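Structure record follows, encoded as structure tokens.
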Amino acid sequence: APLTPSSALPPYFMKGSIIQLADGELKRVEDLRTEDFLQSAEVSTELKIDSSTVERIDSSRTPDAVIIQFSVGEHKAQVCVEVLVEYPFFVFGQGWSSCCPDRTTQLLALSCAKLSVGDVCISLTLKSLR
Amino acid sequence: NVEPRSVPVFPWHSLVPFLAPTQSD
């Protein structure tokens, strides 16, 4: 079953929010690049970056929400999430993207591209324990 | 006297959705 979206976006997506990378460097959320996530995950002992390809975007019965189906990782595991239309995802090589970029910019001041089927988002999984 | 406000700092991984695959290796 899809996850239930929260009624408000987390504060760290607001433009100007300070983000700490794994090596301690501080960056504003709007300045993050694909390399920042990849390098931070390399340092992490628990987390690894996976590619999550957007397979479907469907409307939700929840107002202002969508259900996004991702194909995650090399095994192409199908994962559905229900999020608000303005929720930003980080697309490889493109940056922040949401289903409704105008609304994201309006609410968070964060510049976004339009999230579309076929986009490859950055997501996290646990590294396998050895 | 105005106390300086501390600026919140968020860890990088909080920005990334945690999409655990439903199948294991």
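What follows draws every value from the coordinates through simple rules; no lab data is involved. Remember, it's a predicted structure, so these values are computed and weren't measured experimentally. Methodologically, a virtual Cβ is constructed for each residue, glycine included, from the backbone with ideal geometry; neighbour enumeration extends over all protein chains shown.
What does the average come to when, for each residue of peptide A:114-123, you count the partner chain Cβ atoms lying within 10 Å of its Cβ?
For this peptide, the per-residue mean of nearby foreign Cβ atoms is 1.
Just need the relative contact order of chain A here, percent rounded to a whole number, with Cα pairs under 8 Å and 6+ apart.
Relative contact order, chain A: 26 percent.
Within 14 Å, Cβ to Cβ, of A:L21, how many net charges do the neighbouring residues add up to if Lys/Arg are +1 and Asp/Glu are -1?
Details: positive: A:K27, A:R28, A:R33; negative: A:D23, A:E25, A:D31, A:E35, A:D36, A:E42.
Net charge in that neighbourhood comes out at -3.
Would you kindly calculate the translational diffusion coefficient of chain A, applying Stokes-Einstein with the Kirkwood radius from alpha carbon pairs, for 37 °C and a viscosity of 0.692 mPa s, and quote it in µm² s⁻¹ without decimals?
In µm²/s, the coefficient rounds to 214.
Given H placed 1.01 Å from N in the peptide plane, which residues other than close sequence neighbours of A:L47 have an amide H under 5 Å from its amide H?
A:K127
Just how large is the dipole of the protein assembly as shown about the Cα centre, in debye to the nearest 20, putting +1 at every Lys and Arg Cβ and -1 at every Asp and Glu Cβ? Please list the in-between numbers first.
Details: 13 positive and 19 negative charges, 35 e Å.
Computed about the Cα centre, the dipole is about 160 debye.
Taking the Cα centre of the protein assembly as shown as the origin and placing charges on Cβ (Lys, Arg +1; Asp, Glu -1), which of A:A22, A:S44, B:V9 is farthest toward the positive end of the dipole?
B:V9
As a check on your grasp of the helix formula, calculate [θ] at 222 nm for the protein assembly as shown: sum -39500 (n - 2.57) over DSSP H runs of n ≥ 4, divide by the residue count, round to the nearest 500.
Numbers: 2 runs with 18 residues, N = 155.
Theoretical 222 nm ellipticity from helices: -3500 deg cm²/dmol.
From the cross-link list A:K48/A:K76; A:K27/A:K48; A:K15/A:K76; A:K27/A:K76, which pairs have alpha carbons spaced over 22 Å apart? All intermediate terms of the calculation are to be shown ahead of the outcome.
Numbers: A:K48/A:K76 16 Å; A:K27/A:K48 20 Å; A:K15/A:K76 32 Å; A:K27/A:K76 32 Å.
Over 22 Å Cα-Cα: A:K15/A:K76; A:K27/A:K76.
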